[in-house]
Amino acid sequence: MSREQKVALVTGASSGFGLLTSVALAHKGFRVMATLRNPASSEPLMERARRDGVEGRIETAVLDVTEPAAIEAVIGDVRSRYGRIDVLVNNAGFAVGGFIEDVPMEAFRRQLETNVFGLMAVTKAVLPMMRERGGGCIINIGSMSGRFAFPGYGAYAVSKFAVEGFSESLRLEMKPFGVHVVLLEPGAYRTAIWQKGFDTIHAPEASAYRSLLERTLRITRKSAENAPDPQEVADRIVQIVGLRKPRFRYPLGKGSSLALFTRAVVPWAWYERFVGRMIK
């Protein structure tokens, strides 16, 4: 590889946005370091890369974003071999489901360790390279759940609201150094995150919230079934990294922009009644 070839690092690349983004960036000519927590989960990514003819541009690395030593090892390896990271896509994350009283504190901590502290730790490890080179693009995968907190997903909303604040501060800090920080806010897409959330939902049999949670889950499942193709998000990321001056926020998905506009102009009491009717 030429020392001038651009390098992208993508976390959570075993499926969904991370897998598709890794392949899309490789198509664009990037050398892609696609990281995943479980080495056995790399086959779907590499199979897609082989099918698309970009296998030679993608490397995989084992990275649990909650492990500082693993972050240091992966970033250090990229720096020593390539001397640069031009694009960081912070995609690793999962969703904890359940009404707040039913969700153990340990589950809240695990949610924040991955979705917030892991994202922050990887970003901090990459920043010196980008700052020294005077350029780069950091794309944080947030969520519409970072703008709307829905019943039954309090832990996930906490994590995504935190990503919003972190990204906003980082954007302003890195602008003088030529580093762009971009926040993607996807709505529902057909990815594995929701099914994984359904499989690990916190819903004790005797819970006072069980019937409310079941109604909430029905709405979520219906949204997931009718959601658009996640390739849309990967394509947008490729478009963003090619821009000279990308915007800060990119809401994505069916009805996302309209939902944000409505939320901005509709009184809270109206919104509260609307959500209440949905889960009644």
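The values are calculated or read from the model by the stated rules, or taken from the named source; none is laboratory data. Just so you know, these numbers come straight off a predicted model, no measurement behind them. Note: ideal-geometry Cβ built from the backbone for every residue, glycine included; neighbour counts use all protein chains shown.
A few notes on this one:
- Contact map, segment 201-225: first residue closer than 17 Å to GLY187 by Cβ, second residue of a type in the set (Val, Ile, Thr) and modelled with pLDDT under 85, Cβ cut-off under 7 Å, separation 6 or more or different chains; pairs are THR216/ILE279.
- For segment 199-244, a tally of residues being among the small types (Gly, Ala, Ser), within 25 Å of ILE139 (Cβ to Cβ) and surrounded by 15 or more Cβ atoms within 10 Å (Cβ to Cβ) returns 4.
- Residue list for segment 84-98, filter: more than 14 Å from the chain's Cα centre (by Cα) and modelled with pLDDT of 95 or more: ARG84, ILE85, ASP86, VAL87
- Restricting the search to helices (runs of 4 or more DSSP H) fully inside segment 153-243 and requiring at least 1 residues that are of a type in the set (A, V, I, L, M, F, W, C) and within 28 Å of GLY276 (Cβ to Cβ) gives 154-174, 192-199, 210-225.
- Summed over segment 35-60, the residues that are aliphatic (A, V, I, L, M) and either loosely packed, with under 13 Cβ neighbours inside 10 Å or under 18 Å from the mean Cα position of the chain (by Cα) (or both) give a count of 3.
- Residue count for segment 4-27, restricted to those that are outside any helix (DSSP H, G or I) and closer than 16 Å to GLU59 by Cβ: 10.
- Within the option set GLU113, GLU106, being of a type in the set (Asp, Glu), closer than 14 Å to ALA155 by Cβ, within 18 Å of the chain's Cα centre (by Cα) and not in a loop (DSSP other than H, G, I, E, B) holds for one residue only, GLU113.
- Cross-chain or 6+ apart pairs with Cβ under 6 Å, segment 30-41 first and at negative phi and at pLDDT 90 or above, then assigned to a strand (DSSP E or B) and charged (D, E, K, R): MET33/GLU59
- Residue selected from segment 244-280 under the condition assigned to a loop (DSSP other than H, G, I, E, B) and free of Cβ contacts under 8 Å to residues at least 24 places away in the same chain, by the criterion nearest to the chain's Cα centre (by Cα): ARG244
- Qualifying residue in segment 140-150 (condition: under 26 Å from GLY16 (Cβ atoms), of a type in the set (D, E, K, R) and touching a Ser or Thr at 6+ places or on another chain (Cβ under 7 Å)): no
- Candidates in segment 190-224 are the residues that are modelled with pLDDT under 75 and basic (Lys, Arg); of these, the one that is nearest to MET105 (Cα to Cα) is LYS196.
- Among (1) touching an Asp or Glu at 6+ places or on another chain (Cβ under 6 Å); (2) over 23 Å from THR21 (Cβ atoms), the one test that LEU112 misses: (1)
- Boolean, ALA70 is part of a helix (DSSP H, G or I), surrounded by fewer than 20 Cβ atoms within 10 Å (Cβ to Cβ) and among the hydrophobic types (A, V, I, L, M, F, W, C): yes
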